[in-house]
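Here the structure is laid out as structure tokens; the discussion comes afterwards.
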Amino acid sequence: GLLFARQVTVKSGTMKTGESDYLVLPESMAGRHIAYTGPDGYFFPVDLKENLLYGLKLSPRQAAASLRREAVRAGNPAYDAEADWIDYEALGTHDPKVIIDRIVDVLSMVELETDVYQFGLQSRLDPALNGTAAERIVEARLALYERMATPDAANLVERFDPDAYNRNASIAENILFGASADPLLQPHNLPTLPHFKRVVAEEGLEQHLVAMGESIAETMLELFRDFPPDHPFFDEFSFIPSNELPAYQQVMKRAKTSGLTYDDRAQLSVLPLRYVEARHRLGLITPDIRERLLAARRTFAETLSPDLAKRIAFYEEGKYNVAASIQDNILLGRVAYGVAHAHERVGVLIREVLDRLDVRDLIIEAGLAFNAGAGGKRLTTGQRQKLGLARALIKEPQLLVINGALANLDEQQKTSIVDRVLKHRAGKATIWVLTKDDLASRFDRVLVFEHGRLTADKAQTLREAAQ
């Protein structure tokens, strides 16, 4: 595989394609007509789209005259590094807009489309840059509401209502009732905000939050005292990290003896902010508490300083929320706890609505803006291998070399991807180095190597292979 990709050379003998020496083909020709992917492809710390199209950047663009003169004087190539170098002819088009369709096809071929779709749902969209897309998302929200009005879906999502407490959101989320891109204005950081502390005091919530914190601490200490510190239940259910349990034990001991200190009260008042009534079911949200929390929500929004107001986008049913993810904008609510398979069912409904409104490609395009990280470290090994194969396929090369590129995928995925790729590549040369011989029957010619030596070379028709 490395030899066909010209990443290694031969010490003796020759390698030809037709009458041409394969190993001395000009780089410009090899770059256009050969594509390679292996188990450990490298990816740049840019978005997925840039990584996918990297192999198509084969059409250098001359820099403007003034920049070209400067580049020549400096001894640099006279090309424009910021220009679009994509070789659109390789895609069979001259229209850059067609690229997204080609990308979606290739992502589906390698079973990466669902992952990119999920990246898109979790991404943010800037209405100032793409107002039409934001309008379509709001349209999808309204269509989803209409779909969920049916009896089979009515209880799946609790929508955000400015006049109602959301039982499937935390206390902090209910008071904030909005989203922010500022880390200091995330719900879990509200206790550090002086404005939040003033609102809690003005609405008489402080003593109630402390009392709720005592109830939560007592319950957590009782439930988790016998669990080891690394037990997964701490991440899933506990309000208190395992390393903080001893400190809260001392707090509760003082609560029953000498009384709570100022620091104790502050520590306890933070616990309820993560409390979700529908999930934790401790019965802490009484009618009185609910009304106080709704009053705190209104006071929080109405008394914000101009500086803070610019950094928070409050939830409005008919408006796109610039600080929330695309999925949160579609839902504008929280998926209900306690409803069987609610998240999966809501995901299916969202997908149905987006497909019906022809908005799915918009989500995929948003997902393509996901940054792969240095060397692709923000992706799983399987995702990196699929992305590497997609990058090679999108070039439509005359020769495609796939060298153990799907080693980390399960057998079912390998089989389906091999079948789709070979169907797409019909009539073009594809060399696939398999790690196991169970898929070899799908190929016209099979070469078997053992310890670096060729031990079998057999040609077979696809019909014979199928039999």
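Can you pull out every residue in region 41-97 that is of a type in the set (Ser, Thr, Tyr), within 29 Å of the chain's Cα centre (by Cα) and open to solvent by less than 90 Å² (accessible area, probe 1.4 Å)?
Correct list: Tyr88 only.
Let me confirm something: among Leu308, Leu368, Leu282, which residue is at pLDDT 95 or above and at negative phi?
Being at pLDDT 95 or above and at negative phi holds for just one of Leu308, Leu368, Leu282, which is Leu368.
Within region 55-76, restricting attention to residues that are in a loop (DSSP other than H, G, I, E, B) and either modelled with pLDDT under 85 or acidic (Asp, Glu) (or both), which residue is nearest to Ala392 (Cα to Cα)?
The extreme case among them is Leu58.
Tally time: how many residues in region 1-40 are part of a helix (DSSP H, G or I) and surrounded by 13 or more Cβ atoms within 10 Å (Cβ to Cβ)?
6
From Ala372, Ala405, which residue is farther than 18 Å from Phe119 by Cα and either of a type in the set (A, V, I, L, M) or open to solvent by 10 Å² or more (accessible area, probe 1.4 Å) (or both)?
The match here is Ala405.
Residues that are open to solvent by 70 Å² or more (accessible area, probe 1.4 Å) and hydrophobic (A, V, I, L, M, F, W, C): find the helices (runs of 4 or more DSSP H) completely inside region 124-202 holding 1 or more of those.
Passing ranges, in order: 131-147.
Inspect region 435-448 for any residue being in contact (Cβ under 8 Å) with a residue 40 or more places away in the chain and out of contact with any Lys or Arg (no Cβ under 7 Å at 6 or more places or on another chain) and give the result as yes or no.
no
Mind checking which pairs have a first residue in region 370-388 that is more than 19 Å from Ser123 (Cβ to Cβ) and a second that is open to solvent by 50 Å² or more (accessible area, probe 1.4 Å) and assigned to a helix (DSSP H, G or I), Cβ under 6 Å, 6 or more apart or different chains?
Partner pairs satisfying both residue conditions: none exist.
Between a residue in region 419-433 that is among the charged types (D, E, K, R) and any residue that is in a helix (DSSP H, G or I) and surrounded by 14 or more Cβ atoms within 10 Å (Cβ to Cβ), which pairs come within a Cβ distance under 6 Å, given they are 6 or more apart or on different chains?
Close Cβ pairs (under 6 Å, with a partner that is in a helix (DSSP H, G or I) and surrounded by 14 or more Cβ atoms within 10 Å (Cβ to Cβ)) amount to Arg420/Met109.
Surrounded by 13 or more Cβ atoms within 10 Å (Cβ to Cβ), in contact with a Leu (Cβ under 9 Å, 6 or more places away or on another chain) and part of a loop (DSSP other than H, G, I, E, B): which single residue out of Ile285, Ile289 fits that description?
Ile285
List the number of the failed condition for Leu393; all other conditions in (1) open to solvent by 10 Å² or more (accessible area, probe 1.4 Å); (2) touching a strand residue (DSSP E or B) at 6+ places or on another chain (Cβ under 8 Å) hold.
(1)
Yes or no: Val322 in a loop (DSSP other than H, G, I, E, B) and of a type in the set (A, V, I, L, M)?
yes
The values are calculated or read from the model by the stated rules, or taken from the named source; none is laboratory data. Only a predicted model underlies this, so the values are computations on that prediction, with no experimental measurement involved. As a convention, Cβ positions derive from the backbone with ideal geometry for all residues, glycine included, and neighbour counts pool all protein chains shown. Keep in mind that these areas ignore ligands, DNA and RNA; they rest on the heavy atoms of the full protein, side chains included. Shrake-Rupley method; radii C 1.70, N 1.55, O 1.52, S 1.80 Å.
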